[in-house]
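The values are calculated or read from the model by the stated rules, or taken from the named source; none is laboratory data. None of the values given here were measured: they were computed from a predicted structure. Positions of Cβ are generated from backbone atoms using ideal geometry, with glycine treated the same way; all protein chains shown enter the neighbour counts. Only protein heavy atoms, including side chains, enter the accessible area calculation; ligands, DNA and RNA are left aside. Shrake-Rupley method; radii C 1.70, N 1.55, O 1.52, S 1.80 Å.
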Amino acid sequence: MGRAGWRIHGMSVEGYRHRRDGLPCQDACAHAEEGPVAVLAVADGAGSRPRSDEGSLLAVELAVKHFVRRAGEAVHSPPGKAVHDLLADAFNEITMAFLDTTGAAAADFATTLTVVVLAPDWLGHLTVGDGFVVLRAGAEDGEPQFHVLPQAADASEYSNETVFLTSPDAARWRRTDCVVDPGIDGVLLSTDGLAQAALSRSGNGAPTPNASFADAVFRSLDGPGPVSDSAHDNLAALLRSDRLTALNADDKTLLRAVRKGRP
């Protein structure tokens, strides 16, 4: 993965239905960098639960805190089982802290959670629910290549019901991955509100990246220096655009990171 830092930017915006009804955004995102480690997290609160906006915010705050600490302790761990173990341990800590904070009303705060840990020698990925991650890595004939990380399984092969952090046996349905690829120079996390724009379906039904969408999102962050006000405004305008709203009226979250110094 190399030791170059990352330029990170993202936001969550309320979808059309929530704007229309005066309801808060139920998505959230957060990120943090400490030493050579960066952690990115997105969450999507369950629309049917009364305090899911608070739940998604709590989930990403806990994720950043616990994953930064765990990854910092194991930053030089070899890729493989050690990374899967630290992801699982951090998830268990997050779940316990989430349940301790929300108490008997935990189900009212139901939310998904997707996390990426960027360490010098590996990328760690944990997800529960229907969030997704797209990587930019390598090129063919001068064109950047995009890759979708595997998503968590549905709670049942007969159902597409989303699993939440508060779901019974949530740990059973979480997914962890460890990726080693020095060519990774872009990472995009999102909730399912952008699935129709960012992903396509192959012939066998597996999700594949929408290259034009991913390229535009990453390219707008590739320039040197801090993220500009115009870049922030442009992303907000994109997420609230009629074009994306026509595809999905849900809340939308996009959190992206590009490697600094990318040629």
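List of remarks:
- Taking every Cα-Cα distance in the chain and sorting them into 5 Å bins from zero, the calculated P(r) comes out as 1, 6, 14, 18, 20, 18, 13, 7, 2, 0, 0, 0 percent.
- With a cut-off of 20 Å on the backbone N, the residues of segment 113-130 near the modelled label site 7 Å out from Ala97 along Cα-Cβ are 113-119, 124-129.
- Contact order relative to length of the chain, as percent, for alpha carbon pairs under 8 angstrom and 6 or more apart: 26 percent
- Estimated [θ] at 222 nm from DSSP helical runs (n ≥ 4, -39500 (n - 2.57)) normalised by residues in the chain, nearest 500: -9500 deg cm²/dmol
- Surface per residue (accessible, 1.4 Å probe) for segment 1-130, Å²: 39 Å²
- Rounded to the nearest angstrom and listed largest first, the equivalent-ellipsoid semi-axes of segment 1-41 from its Cα gyration tensor are 32, 9, 6.
- Selection from Tyr16, Ser48, Ala110 lying farthest towards where the dipole of segment 1-140 points positive, charges on Cβ: Tyr16
- Rounded, prolate or oblate (a/c below 1.5 giving rounded, otherwise prolate when a/b exceeds b/c) for segment 134-263 by Cα gyration tensor: prolate
- Take 176-182, 122-128 and order them by the average number of nearby Cβ atoms within 10 Å per residue, most first; the result is 122-128, 176-182.
- The alpha-carbon of Lys81 sits under 16 angstrom from the alpha-carbons of these aspartates and glutamates, leaving out residues fewer than 8 places away in its chain: Glu73, Asp89, Asp121, Asp177.
- Within the same chain, aspartates and glutamates fewer than 8 places from Lys252 are excluded, and of the rest, those with a Cα less than 17 Å from its Cα are Glu14, Asp21, Asp27, Asp44, Asp53, Glu54, Asp130, Asp192, Asp233, Asp242.
- Using a Förster distance of 22 Å, the FRET efficiency for Lys81-Ala171 (Cβ separation, nearest 0.05): 0.85
- Placing a pseudo-label 7 Å from each Cα along the Cα-to-Cβ vector at Ala104 and Glu73 gives an inter-label distance of 3.3 nm.
- Listed by chain and number, the aspartates and glutamates whose alpha-carbon sits under 15 Å from that of Lys260, ignoring those within fewer than 8 places in the same chain, are Glu33, Asp185, Asp222.
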